[in-house]
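The values are calculated or read from the model by the stated rules, or taken from the named source; none is laboratory data. All values derive from a computational prediction rather than experimental measurement. Here Cβ is always computed from backbone atoms with ideal geometry, including for glycine, and neighbour counts include all displayed protein chains. Accessible surface areas use protein heavy atoms only, side chains included; no ligands, DNA or RNA. Shrake-Rupley method; radii C 1.70, N 1.55, O 1.52, S 1.80 Å.
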Amino acid sequence: MSSHSQRSLSGVVLAGGYSTRFGEDDKAVAELAGTPMIRRVADRLATVCDELVINCREDQREAIEAAMVDFPEPVAFATDPEPDRGPLAGIAVGLETATREYAAVVACDMPFVDPTLLEALADRAEGRDGALVELDDGWYQTTQAVYRTEPMARACADALEGEDGRILAALEELDTVVVDEGELESVSGDTFESIDTREALRKAATRFETPSH
């Protein structure tokens, strides 16, 4: 039984990239210890979000729908009008479909995403345009963050129109809270781990044999 409680929060999973480092297969639906990776991400989002949106390419949709069979909530699909324009475009499309005021945005290759982090970011984002983490190395974690849906969707569209594909370009227009990674003592240390290769997938699978995952 989850210790988390759902709130009025959209969950947006980004799955539209071609993931060239992973090989020819789509890593979104790659089996991770018997469960498609995107389903593992969605299951974690479901503990804190009351709406799920999946951003993907049209050619991915059938396989992802199969991966989401028996998911306890309705799943909305936000398909890319133009494939592989990057995560900024994926966020824009996903947020345009989301109906809640705020959305937790998570990449499909982050199966260890900690719902505790998403809850904390949603709390910090309240009254602002979003909340995201600055990692110890100075990198901003933009694909495991909480954004105010309408302002971020507009900011993404503006950045894309200006041919700036950086997520940070959209964030420059917004009033966001930046949380230092050092503040996240109660959050799982592997929440930001992404599975980019087959080898990483094999290693990750062994960790799902323990109760902590």
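Multiplying the sequence separation of Y140 and R154 by 0.36 nm and subtracting their Cα-Cα distance, what value in nm do you get?
Here the segment from Y140 to R154 would lengthen by 3.0 nm.
Using a probe of 1.4 angstrom, how much of the accessible area of the chain is carbon and sulfur, in percent?
Whole-percent figure for carbon plus sulfur exposure: 46.
Counting heavy atoms of the protein chains only and a 1.4 Å probe, report the per residue accessible area for the chain as a whole number of Å².
With all protein chains present, the chain gives 47 Å² per residue.
First measure r as the distance between the Cβ atoms of E65 and A200, then evaluate 1/(1 + (r/R0)^6) with R0 = 25 Å and state the FRET efficiency to the nearest 0.05.
Calculated value: 0.50.
Which of the GluC sites (Glu not before Pro) found in region 170-201 are in a DSSP loop and have at most 15 neighbouring Cβ atoms, other than their own, within 10 Å?
Numbers: sites: E172, E173, E181, E183, E185, E193, E199; in loops: E172, E173, E185, E193.
Answer in residue order: E172, E173, E185.
So how much accessible area does F112 have, in Å² to the nearest 10, using a 1.4 Å probe?
For F112, the solvent-accessible surface is approximately 0 Å².
Describe numerically, in nm with one decimal, the distance between label points set 7 Å from Cα along Cα→Cβ at D50 and at R207.
A separation of 3.2 nm, rounded to one decimal place.
Quickly estimate the mean residue ellipticity at 222 nm for the chain, helices only: each DSSP H run with n ≥ 4 gives -39500 (n - 2.57), and the total goes over all residues, rounded to 500.
-9000 deg cm²/dmol
Principal axes first, then extents: for the Cα atoms of region 69-213, list largest minus smallest coordinate on each axis, whole Å, largest first.
Dimensions of region 69-213 along the principal axes of its Cα atoms: 44, 35, 30 Å.
Could you tell me the convex hull volume per residue, in Å³, taken over the Cα atoms of region 152-210?
Details: hull volume 8.1 nm³, N = 59.
Expressed per residue, the convex hull around the Cα atoms of region 152-210 is 136 Å³.
Given axes a ≥ b ≥ c from the Cα gyration tensor, I'd like to know whether region 1-138 is rounded (a/c under 1.5), prolate (a/b larger than b/c) or oblate.
rounded
Specify which residue in the list W139, V177, G189 is farthest towards the positive end of the charge dipole of region 65-213, using unit charges on the beta carbon of Lys, Arg (+1) and Asp, Glu (-1), about the Cα centre.
G189
Hey, got the dipole for the chain? About the Cα centre, +1 on K and R Cβ, -1 on D and E Cβ, debye to the nearest 20?
520
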